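First the structure, in the form of structure tokens, and then the observations on it.
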Amino acid sequence: MEHIVEIQDLSKDYETGFWKKKKVRALDGLSLRVEPGQIFGFLGGNGAGKTTTIKILMGLLFPTSGTARILGRDIGDTSMHREIGYCPENPYFYDYLTADELINYFGEIFGLDSARRKERSAELLTKVGLAEKDWNKQLRKYSKGMLQRVGLAQSLINDPKIVFLDEPMSGLDPVGRREIRELIAELRSSGTTVFMSTHILSDVEALCERVAILRRGKLAATGRLEDLLANSEQQAFEINVSGISAAALRPFAASSNAELFEKPTGISLQVNSETEIDAALKAVRGSGGKLLSVQPVGRSLEELFVEKTGTA
Amino acid sequence: MSKTVQADRSRVRLSGLVLAVALLIGSFAVYFLSNAAGASRTPVPESAIDDDLSLEGKRLKGFVFGAEGLIADVYWMQSLQYLGDKFVNAPPDQVISLDDLRPLNPRLLYPYLDNATDLDPGFMAAYSYGATVLPAIDPATAIKFTEKGIASNPENFRLYQYLGFIYWKLHRYDEAAAAYERGSEQPGAPPFMKAMAAFMASNAGSRETARAMYRQMSDSGDQQTRLNAEYRLNELDAEEQVEAINARLSDYQKKNGSCVRSLKDIVPALGAVKLAGGAQFQQTAAGEIVDPKLAPYVLDSAACSVHSTSFPKTGANK
Amino acid sequence: MRRSSNTNYLTQIFVIAKNAFREAVRDRILYNLVIFVLLLTGAAIFLGELTAGQEVRTIINLGLNAILLFGAFIAIFVGVGLVSKEIEKRTVYAIFAKPVTRSQFLVGKYLGLSLTLLVNTAVMGIGVTLALLYVGGGDRLASVWVAVFFVFLELCVLTAVAITFSSFSTPALSALFTFFIFVIGHFSSSLREFAAALGSAGAKAVFGTIYYIMPNLSLYGFRTQAAYGLLPDAAAVAAITGYTIVYIAILLSIANFIFSRRNFK
């Protein structure tokens with residue numbers, strides 16, 4: 001099996017209105033492939049169709065047209081669900097159960113015996129960072145962040161080959177976010193493929209090898225994250241200097257179309273290509289400035305995101 | 001700063017107090033207003049007092065989710081309550097005989113029982129109660145009601161017994177005999193049905209027949225019927241005893257020219273009397289002669305006769 | 001460990017049913033038993049006075065009809081929420097990403113509530129039994145339990161109706177529809193007789209159709225008979241049980257047909 005997820009021409013129309021049915025296209029001819037063993041980032045603004053796609057993959061929604069396969073099996077085949085995991089966006093579970101009971105319940109659905117369930121429940125709840133004192137509290141008393149952790153724990157109960165995480169970081173505080181980030185990285189290193197939707201770009205940069213960006217239900221871009229970022233115009237560099245005034249560098253900046261910023265620590269000069277670095281350094285030295293640093297300024301993911309999703 | 005916090009707190013406390021007081025006053029007001037409103041309701045005309053029976057049982061049948069039995073029970077309880085209330089609310093000076101309940105105007109009794117038995121045609125206690133009480137209100141409805149029971153439960157000999165009883169009370173002995181005859185043909189009918197049919201033909205008006213009648217009633221039917229039958233049996237005993245005492249009183253008067261001064265004077269004579277079933281007169285420790293309810297018989301020296309305070313009918317017979 | 005799990009179709013239904021039962025218990029649905037027991041105790045003590053010695057039949061009538069009434073409330077109001085509450089609260093999302101089909105879920109939830117009703121009905125039956133023994137009606141117990149069984153069957157049908165409506169309608173409307181079916185189901189045989197007695201051919205056809213389409217709930221009425229200590233013959237019990245199973249199977253198939261096509265937005 002080459003691709004762990006294969007999406008082919010997937011479209012989904014929602015009908016709205018009661019009398020006059022209007023069709024709203026939430027997903028429009030999406031085709032996508034995910035290779036095993038990686039963390040795949042599924043990006044897009046609100047309403048771009050990320051959750052719709054994942055719900056179709058999970059069999060919660062039925063596509064208007066198109067097909068999709070997970071682990072080589074059609075998404076209509078429920079038996080494939082033995083080997084996948086899913087944590088919905090803002091997950092919500094039976095609030096009359098405790099976290100431990102919920103994990104046990106799902107464990108039973110997978111046919112785990114009670115000793116194994118007990119073991120697995122403790123293991124998973126520890127893994128997602130839930131304090132042991134909360135394990136036997138009813139979920140109605142859980143905060144959003146705690147529910148998010150329970151959601152992650154239940155998605156891993158069957159030790160899945162691929163896990164689908166819909167906005168796994170929402171509702172978490174910065175510490176929690178870092179913990180979950182580590183957990184996701186750990187999943188990859190243990191061989192689990194992670195398909196995660198998010199709009200938190202720092203998580204994508206920290207975790208994802210490949211991404212797909214959705215825009216209004218259509219695929220705007222897909223590929224390796226590095227490629228997508230490099231692929232854009234030429235690489236820019238930032239040169240930080242001190243000991244001179246901005247005025248001294250202005251002639252150079254004007255001639256090479258570089259940008260000049262004043263910073264508390266000195267001057268920052270941004271050139272548009274590698275070849276211009278030498279000329280810039282010459283100009284700095286010529287006016288008696290002291291070089292602090294030279295660093296590449298990647299076109300940020302944010303810029304890419306804004307460009308591809310057209311949100312700005 | 002802390003002053004405003006304190007002010008806020010005392011305001012909260014004050015509003016809580018105001019609320020508590022308002023609730024207290026309100027509760028009192030509700031209590032008094034409710035009583036006042038209840039007392040000053042426009043009275044319903046006398047004729048409409050019993051008018052709250054707005055549903056006919058037979059129309060409910062099939063439309064009470066299979067709870068026909070329960071609704072029948074409700075009508076049954078109402079029928080008991082209804083007559084009970086009539087007794088309790090009767091003017092204290094009104095004398096009510098079990099043989100004629102018409103002064104109470106219990107006009108809804110039949111509809112209640114009719115509804116109960118429409119909903120549950122096998123409701124034997126209702127038929128038994130109806131057969132006991134309805135003849136004292138309207139014999140025609142009593143017969144109709146019991147015939148309805150027979151139509152629904154043609155194999156139940158008890159209903160024929162009730163019908164025979166009603167006819168017997170009305171002194172319609174031929175019809176009573178026919179009812180007993182029909183009843184005796186039903187499966188499981190005891191021999192006394194046949195015997196009663198024979199009594200009706202030969203000896204219908206006798207005390208023996210009456211005794212047999214009530215004895216059988218007392219071991220059938222509902223509690224109400226049983227109590228009534230037991231009362232009747234005691235009444236029959238009292239009647240017999242009053243007759244025996246009066247006979248001895250007139251013997252004494254004939255012999256001595258005057259009435260006895262005390263009933264104790266005829267105790268030896270009474271000792272020789274054989275009552276029905278070989279029973280004897282009952283006496284208290286003080287030697288007073290008492291009726292079946294253990295109340296002493298009262299001597300009326302002027303008429304030189306006795307009557308029982310427990311059974312007013314025994315005196316009225318004279 | 002990955003594929004060490006061995007389950008079949010019924011295991012998952014059983015697990016879901018068990019959880020639905022647990023939900024009912026945690027939602028304190030069985031608390032209605034307390035009210036029932038109080039009602040029955042009061043009845044056993046006071047009815048003797050009010051009914052002039054007819055307390056045996058009255059306790060049977062009161063107890064059995066209360067079992068139906070309480071049970072119908074649970075069947076309707078819990079039944080319509082069985083599935084729709086899970087959709088509304090989004091608890092279905094995680095379930096259906098597990099190896100659970102829509103039909104397993106539906107049947108499991110249905111059986112869970114049926115189990116709840118079974119426990120509820122049985123405990124109430126025991127309550128009636130004790131009250132009867134107290135007033136000396138022990139000879140009617142067999143009939144009473146037959147009637148309790150029939151009440152349970154009726155509640156199972158009612159639950160199936162509720163779950164079917166809720167598979168495509170809102171809980172409030174489903175409750176209303178189910179209540180209508182409860183009413184019509186009890187009246188349909190009376191209405192048909194009524195139409196047969198004095199209706200036109202058209203009315204006969206309409207009420208005849210209603211009679212066969214609607215659940216014939218008057219079949220389950222054995223409560224008045226139970227008060228007389230009557231017993232149905234075995235063939236009647238078999239026929240009514242068969243009718244119940246077939247009717248529920250049809251309803252659940254319809255519910256499953258609709259539910260399996262639902263999108264969970």
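Do we find that B:Ala189 is of a type in the set (Gly, Ala, Ser), in a helix (DSSP H, G or I) and either in the same structural domain as B:Leu101 (by TED's automatic domain parsing) or surrounded by 19 or more Cβ atoms within 10 Å (Cβ to Cβ) (or both) in this structure?
The answer is no for B:Ala189.
So in the range C:209-253, with the set limited to residues that are β-branched (Val, Ile, Thr) and surrounded by 14 or more Cβ atoms within 10 Å (Cβ to Cβ), which one is nearest to C:Val80 (Cα to Cα)?
We begin by selecting, within the range C:209-253, every residue β-branched (Val, Ile, Thr); these are C:209-210, C:213, C:224, C:237, C:240-241, C:244-246, C:248, C:250.
Okay, now just the ones that are also surrounded by 14 or more Cβ atoms within 10 Å (Cβ to Cβ), so C:210, C:224, C:237, C:240, C:244, C:248.
Details: C:Ile210: 23, C:Thr224: 29, C:Val237: 28, C:Ile240: 25, C:Thr244: 19, C:Ile248: 15 Å.
Ranking the candidates gives C:Ile248 first.
Working only within the range B:138-167, note down all residues that are within 18 Å of B:Ala116 (Cβ to Cβ) and either touching a Lys or Arg at 6+ places or on another chain (Cβ under 6 Å) or among the polar types (S, T, N, Q) (or both).
Result: B:Thr141, B:Thr146, B:Ser152, B:Asn153, B:Asn156.
Hey, among C:Thr244, C:Thr224, which residue is more than 14 Å from every other protein chain (Cβ to nearest Cβ) and touching a residue at least 24 places away in the same chain (Cβ under 8 Å)?
Values: C:Thr224 fails: more than 14 Å from every other protein chain (Cβ to nearest Cβ).
On inspection, the qualifying residue turns out to be C:Thr244.
Output yes when any residue across the range B:233-248 is out of contact with any helix residue (DSSP H, G or I) (no Cβ under 6 Å at 6 or more places or on another chain), over 30 Å from B:Val133 (Cβ atoms) and not aliphatic (A, V, I, L, M), and no when none is.
Yes; the residues of the range B:233-248 include at least one that is out of contact with any helix residue (DSSP H, G or I) (no Cβ under 6 Å at 6 or more places or on another chain), over 30 Å from B:Val133 (Cβ atoms) and not aliphatic (A, V, I, L, M).
Could you check the range A:101-111 and list, in sequence order, the residues that are more than 9 Å from chain C (Cβ to nearest Cβ) and either over 28 Å from the mean Cα position of the chain (by Cα) or outside any helix (DSSP H, G or I) (or both)?
Hit for the range A:101-111 is A:Asn104, nothing else.
Residues are listed down the side, and each one gets a yes or a no for (1) more than 14 Å from chain B (Cβ to nearest Cβ); (2) under 21 Å from C:Pro171 (Cα atoms); (3) surrounded by 22 or more Cβ atoms within 10 Å (Cβ to Cβ); (4) over 16 Å from the mean Cα position of the chain (by Cα):
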| position | (1), (2), (3), (4) |
| --- | --- |
| C:Asn8 | yes, no, no, yes |
| C:Gly53 | no, no, no, yes |
| C:Arg57 | no, no, yes, yes |
| C:Ile60 | no, no, yes, yes |
| C:Val80 | yes, yes, yes, no |
| C:Phe105 | yes, yes, yes, yes |
| C:Leu113 | yes, yes, yes, no |
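Can you tell me which residues in the range A:205-251 are at pLDDT 85 or above, closer than 21 Å to A:Ile7 by Cα and not charged (D, E, K, R)?
Those that are at pLDDT 85 or above, closer than 21 Å to A:Ile7 by Cα and not charged (D, E, K, R): A:Cys208, A:Val211, A:Ala212, A:Ile213, A:Leu214, A:Gly217, A:Leu219, A:Ala220, A:Ala221, A:Thr222, A:Gly223.
For C:Phe168, indicate whether it is away from every other protein chain (no Cβ under 14 Å), more than 17 Å from C:Phe70 (Cβ to Cβ), out of contact with any Leu (no Cβ under 9 Å at 6 or more places or on another chain) and not in a helix (DSSP H, G or I).
Numbers: away from every other protein chain (no Cβ under 14 Å): yes; more than 17 Å from C:Phe70 (Cβ to Cβ): yes; out of contact with any Leu (no Cβ under 9 Å at 6 or more places or on another chain): yes; not in a helix (DSSP H, G or I): yes.
Criteria met by C:Phe168.
Name, by its number, the condition in (1) away from chain A (no Cβ under 12 Å); (2) closer than 29 Å to C:Val148 by Cβ; (3) over 12 Å from the mean Cα position of the chain (by Cα); (4) not aliphatic (A, V, I, L, M) that does not hold for C:Ser84.
Every condition holds for C:Ser84 apart from (2).
Looking at (1) facing another protein chain (nearest Cβ under 9 Å); (2) free of Cβ contacts under 8 Å to residues at least 24 places away in the same chain; (3) in a helix (DSSP H, G or I), which one does C:Phe46 not meet, given that it meets all the others?
So the condition that C:Phe46 fails would be (1).
Would you be able to say whether some residue in the range C:178-200 is farther than 15 Å from B:Gly62 by Cα, in contact (Cβ under 8 Å) with a residue 60 or more places away in the chain, in a helix (DSSP H, G or I) and out of contact with any strand residue (DSSP E or B) (no Cβ under 9 Å at 6 or more places or on another chain)?
The answer is yes; a qualifying residue exists.
What are the residues in the range C:18-43 that are within 14 Å of chain B (Cβ to nearest Cβ) and touching a Leu at 6+ places or on another chain (Cβ under 6 Å), if any?
C:Ala43
Kindly indicate the residue of the range B:287-316 that is exposed (fewer than 11 other Cβ atoms within 10 Å of the Cβ) and modelled with pLDDT of 80 or more and also farthest from B:Arg211 (Cα to Cα) among those meeting that condition.
Ranking the candidates gives B:Ala302 first.
Taking interchain pairs and intrachain pairs at least six residues apart, which have beta carbon atoms under 6 angstrom, with the first residue in the range B:106-128 and part of a loop (DSSP other than H, G, I, E, B) and the second charged (D, E, K, R)?
Close Cβ pairs (under 6 Å, with a partner that is charged (D, E, K, R)) amount to B:Pro106/B:Lys86; B:Leu108/B:Asp50; B:Asp120/B:Glu68.
Quick one: C:Ala203 ticks every box in (1) out of contact with any Leu (no Cβ under 7 Å at 6 or more places or on another chain); (2) modelled with pLDDT of 85 or more; (3) more than 14 Å from chain B (Cβ to nearest Cβ) except a single one, so which number is it?
(2)
Being aliphatic (A, V, I, L, M) and more than 19 Å from the chain's Cα centre (by Cα) is the filter here, so list the residues in the range C:250-265 that pass it.
Step one: list which residues in the range C:250-265 are aliphatic (A, V, I, L, M), which gives C:250-252, C:254-255, C:258.
C:Ile258, the sole residue that qualifies.
If the Cβ limit is 6 Å and pairs must be 6+ apart or interchain, which residue in the range A:152-174 that is more than 9 Å from chain C (Cβ to nearest Cβ) pairs with which residue that is in a strand (DSSP E or B) and of a type outside the set (Gly, Ala, Ser)?
These pairs meet every condition: A:Leu152/A:Cys87; A:Ile162/A:Ile84; A:Ile162/A:Thr193; A:Val163/A:Val194; A:Leu165/A:Cys87; A:Leu165/A:Met196; A:Glu167/A:Thr198; A:Pro168/A:Met196.
Residues to consider are A:Ser79, A:Ser121; find the one that is in a helix (DSSP H, G or I), within 14 Å of chain C (Cβ to nearest Cβ), of a type in the set (S, T, N, Q) and within 29 Å of the chain's Cα centre (by Cα). If you could, list the steps in order and put the result at the bottom.
Details: A:Ser121 fails: within 14 Å of chain C (Cβ to nearest Cβ).
Only one candidate qualifies: A:Ser79.
Is one or more of the residues making up the range A:183-201 surrounded by 20 or more Cβ atoms within 10 Å (Cβ to Cβ), in contact (Cβ under 8 Å) with a residue 12 or more places away in the chain and closer than 28 Å to A:Tyr96 by Cα?
For the range A:183-201, residues surrounded by 20 or more Cβ atoms within 10 Å (Cβ to Cβ), in contact (Cβ under 8 Å) with a residue 12 or more places away in the chain and closer than 28 Å to A:Tyr96 by Cα: absent.
Among (1) within 14 Å of chain B (Cβ to nearest Cβ); (2) aromatic (Phe, Trp, Tyr); (3) in contact with a strand residue (DSSP E or B) (Cβ under 8 Å, 6 or more places away or on another chain), where does C:Phe70 come up short?
Here C:Phe70 clears every test but (3).
Can you pull out the residues in the range B:49-88 that are under 24 Å from the mean Cα position of the chain (by Cα) and at pLDDT below 80? Full working, then the answer.
Step one: list which residues in the range B:49-88 are under 24 Å from the mean Cα position of the chain (by Cα), which gives B:49-53, B:57, B:69-88.
If the condition is that a residue be under 24 Å from the mean Cα position of the chain (by Cα) and at pLDDT below 80, then B:Ile49, B:Asp50, B:Asp51, B:Asp52, B:Leu53, B:Gly57 are the ones that fit.
Can you name the residue in the range A:38-76 that is polar (S, T, N, Q) and within 14 Å of chain C (Cβ to nearest Cβ) and, of all such residues, is surrounded by the most Cβ atoms within 10 Å (Cβ to Cβ)? Before you say what the answer is, go through the steps one by one.
Pass one, the range A:38-76, residues polar (S, T, N, Q): A:38, A:46, A:51-53, A:64-65, A:67.
Of the ones still in play, those that are also within 14 Å of chain C (Cβ to nearest Cβ) are A:51-53, A:64.
Working: A:Thr51: 21, A:Thr52: 23, A:Thr53: 29, A:Thr64: 16.
Filtering first and then ranking leaves A:Thr53.
The values are calculated or read from the model by the stated rules, or taken from the named source; none is laboratory data. Note that this is a predicted model, so its numbers are computed, not measured. A quick note on method: Cβ atoms are made from the backbone with ideal geometry, for glycine too, and the neighbour counts reach across all protein chains shown.
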